[in-house]
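Report on the following structure.
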Amino acid sequence: AQSVTQPDIHITVSEGASLELRCNYSYGATPYLFWYVQSPGQGLQLLLKYFSGDTLVQGIKGFEAEFKRSQSSFNLRKPSVHWSDAAEYFCAVGAVNRGSTLGRLYFGRGTQLTVWP
Amino acid sequence: DVKVTQSSRYLVKRTGEKVFLECVQDMDHENMFWYRQDPGLGLRLIYFSYDVKMKEKGDIPEGYSVSREKKERFSLILESASTNQTSMYLCASRDVNTEAFFGQGTRLTVV
């Protein structure tokens, strides 16, 4: 069955510290992978995506993620966190191939990031 | 700029009312989705649609129905609203080779 696991419900880091948010997935086909961010009361904004090619992808706001097929992981990283990065982060996986029901994305439960000044 | 627009940001309805949540996308996407978001539970898929008049149940369809009469519009219907349907509702759209684009969400309170 398809699923996404974000093992950390809540992470707290100091401003300027490095960050890694974990994401593991289970998917029966070649996956598309995504990270989204959600500020309070807002919709989800795409941070970055992996479709194919280079397994290290760069996103907005200085974020990057690395796709590791052997570990079924797609961890999100940032070398130096800013206070404005405090938000909830969601990992998602979806299908590569076109099909009637393959448009669905599967989301993890999210990781809440708190940033200390 | 691509856009998914939800008709209301905030709604307050009474128990037993029929509630319509509307979503419109301007990207000609095939797939549209309705999610429910509750603290600690992440995004849970209620229904999705992969074409006009086509729909699939998601993980929590009970108490909900949907309508997609035009490609750009996807409606979520609460036939008889209950207090346990108080939540944030998010609409999204995508094609298979794109990311999902989300609306701003509708916070529904059922009293």
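The values are calculated or read from the model by the stated rules, or taken from the named source; none is laboratory data. Everything quoted here is computed from the prediction, not taken from an experiment. In this analysis, Cβ positions are derived from the backbone assuming ideal geometry, glycine residues included, and neighbour counts consider all displayed protein chains. The protein model used for the area step is the full one, side chains on, heavy atoms only, and it has no ligands, DNA or RNA in it. Shrake-Rupley method; radii C 1.70, N 1.55, O 1.52, S 1.80 Å.
Any chance you could count how many residues in the range B:21-48 are touching a strand residue (DSSP E or B) at 6+ places or on another chain (Cβ under 9 Å) and among the small types (G, A, S)?
Adding up the residues that qualify gives 1.
Select the strands (runs of 3 or more DSSP E) contained entirely in the range A:7-46, then report the ones holding at least 1 residues which are hydroxyl-bearing (S, T, Y) and either exposed (fewer than 13 other Cβ atoms within 10 Å of the Cβ) or without any contact (Cβ under 8 Å) to a residue 12 or more places away in the chain (or both).
Fully inside the range A:7-46 and qualifying: A:10-14.
Give the residues of the range B:3-43 that are open to solvent by 70 Å² or more (accessible area, probe 1.4 Å) and in contact with a Phe, Trp or Tyr (Cβ under 9 Å, 6 or more places away or on another chain), sorted by residue number.
B:K3, B:S7 - these are the residues of the range B:3-43 that are open to solvent by 70 Å² or more (accessible area, probe 1.4 Å) and in contact with a Phe, Trp or Tyr (Cβ under 9 Å, 6 or more places away or on another chain).
What is the residue count in the range B:99-111 for residues that are open to solvent by 30 Å² or more (accessible area, probe 1.4 Å) and more than 7 Å from chain A (Cβ to nearest Cβ)?
Qualifying residue count, the range B:99-111: 4.
Quick one: in the range A:47-56, which of the residues that are without any contact (Cβ under 8 Å) to a residue 40 or more places away in the chain and either within 8 Å of chain B (Cβ to nearest Cβ) or aliphatic (A, V, I, L, M) (or both) is nearest to A:Y89 (Cα to Cα)?
Ranking the candidates gives A:L48 first.
Which of the numbered conditions does B:T83 fail, given that it passes all the others? Conditions: (1) closer than 16 Å to B:D26 by Cα; (2) in contact (Cβ under 8 Å) with a residue 24 or more places away in the chain; (3) open to solvent by 10 Å² or more (accessible area, probe 1.4 Å).
(1)
Please identify the pairs in which a residue from the range B:24-46 that is at the interface with chain A (Cβ under 8 Å from one of its Cβ atoms) has its Cβ atom under 6 Å from the Cβ atom of a residue that is of a type in the set (G, A, S) and in a strand (DSSP E or B), counting only partners at least 6 apart or on another chain.
B:F33/B:A92
For the range A:83-93, check the following and say yes or no: at least one residue is assigned to a loop (DSSP other than H, G, I, E, B), closer than 30 Å to B:S8 by Cβ and more than 14 Å from chain B (Cβ to nearest Cβ).
For the range A:83-93, residues assigned to a loop (DSSP other than H, G, I, E, B), closer than 30 Å to B:S8 by Cβ and more than 14 Å from chain B (Cβ to nearest Cβ): present.
Regarding the range A:84-96, can at least one residue be identified that is under 27 Å from B:I46 (Cα atoms) and either polar (S, T, N, Q) or in contact with a Cys (Cβ under 7 Å, 6 or more places away or on another chain) (or both)?
Within the range A:84-96 (the criterion being under 27 Å from B:I46 (Cα atoms) and either polar (S, T, N, Q) or in contact with a Cys (Cβ under 7 Å, 6 or more places away or on another chain) (or both)), the answer is yes, since at least one residue qualifies.
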